[in-house]
Amino acid sequence: MIDSHHHLWQYSPAEYPWIPPDSALARDYGVAELEASANAAGVDATVVVQARQTITESEWLLSLADASERIAGVVGWVPLVEESVGDALAILAAHHKFKGVRHVLQDEPNSYFLRDDFHRGLASLPDLDLRYDLLIFQHQLPVAIELVDRQPELGIVLDHLAKPEIYEGKIDPAWKSGMTELARRDNLLGVKISGMV
């Protein structure tokens, strides 16, 4: 079994402000914790995904991947909007376990999804056989569909089911219709179900 989305970090409140200090997540998670969790769950391999938007973290995750056969791939971060993105991608993509890129779009305004410089960066990924992990909230599904449509050559994986708004155990119809529309795209390679767990 492959776990397609696993985070590793050296916890600090300043670098991970989205983790409440009293949370069970507010501690270091490294290769030792990954190995223990994977063994307990019967996971043979995992893909580790960036939790901070830094090249340094992408490099750190690749160094952990070198040290662990359990880590089959890394989805890192690069500055997709910068003209120098090609340099960063060339270095990271030279590592055989670097499989994709993620930018935390859920924190960006809708206009960011359609920026020309962002799409220039996205367009460079298929030539390096890299995928893009799409991290959004449910209300961003319409503009995310526009993004996916503008990048037909780019394989895209949707993270966390677009974080559906679930109230009183009911699914919002807007999420259902947005997901149905997104699923019609041939370049949507998969959806990670962790948003419902």
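The values are calculated or read from the model by the stated rules, or taken from the named source; none is laboratory data. None of the values given here were measured: they were computed from a predicted structure. With ideal geometry, Cβ positions are generated from the backbone for all residues, glycine too; neighbour counts draw on all protein chains shown.
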Hey, does region 82-98 have a residue that's closer than 30 Å to residue 165 by Cα and outside any loop (DSSP other than H, G, I, E, B)? no
Please enumerate the residues belonging to region 146-187 that are of a type in the set (A, V, I, L, M, F, W, C) and either more than 18 Å from the chain's Cα centre (by Cα) or more than 15 Å from residue 102 (Cβ to Cβ) (or both). 161, 166, 171, 174, 175, 179, 182, 183
Name the residues in region 151-197 that are in a helix (DSSP H, G or I) and either in contact with a Cys (Cβ under 6 Å, 6 or more places away or on another chain) or of a type in the set (Ser, Thr, Tyr) (or both), would you? 177, 180, 194
Any idea how many residues of region 171-188 are surrounded by 14 or more Cβ atoms within 10 Å (Cβ to Cβ) and closer than 15 Å to residue 151 by Cα? 4
Go through region 111-124 and count every residue that is under 18 Å from the mean Cα position of the chain (by Cα) and either closer than 14 Å to residue 53 by Cα or polar (S, T, N, Q) (or both). 1
Considering only region 119-140, I want to know if a residue exists there that is of a type in the set (Gly, Ala, Ser) and over 23 Å from residue 186 (Cα atoms). no
Which residue pairs have Cβ atoms closer than 9 Å, lie 6 or more positions apart in sequence or on different chains, and pair a first residue in region 171-195 that is within 24 Å of residue 153 (Cα to Cα) and of a type in the set (Asp, Glu) with a second residue that is assigned to a helix (DSSP H, G or I) and at pLDDT 95 or above? 181/141; 181/142; 181/145
Pairs, please: C-beta under 9 Å, at least 6 apart or cross-chain, first residue in the same structural domain as residue 192 (by TED's automatic domain parsing) and within 12 Å of residue 188 (Cα to Cα) and in region 149-163, second among the acidic types (Asp, Glu) and crowded, with 21+ Cβ neighbours inside 10 Å? 156/133; 157/133; 158/133; 159/133
Only residues that are touching a residue at least 12 places away in the same chain (Cβ under 8 Å) and in a helix (DSSP H, G or I): list them for region 121-136, please. 121, 122, 123, 126, 128
So the check is Cβ under 6 Å with 6+ separation or different chains; which pairs have a first residue in region 77-100 that's surrounded by fewer than 17 Cβ atoms within 10 Å (Cβ to Cβ) and a second one that's assigned to a loop (DSSP other than H, G, I, E, B) and modelled with pLDDT under 95? none
Would you mention how many residues in region 27-54 are outside any helix (DSSP H, G or I) and of a type in the set (A, V, I, L, M)? 6
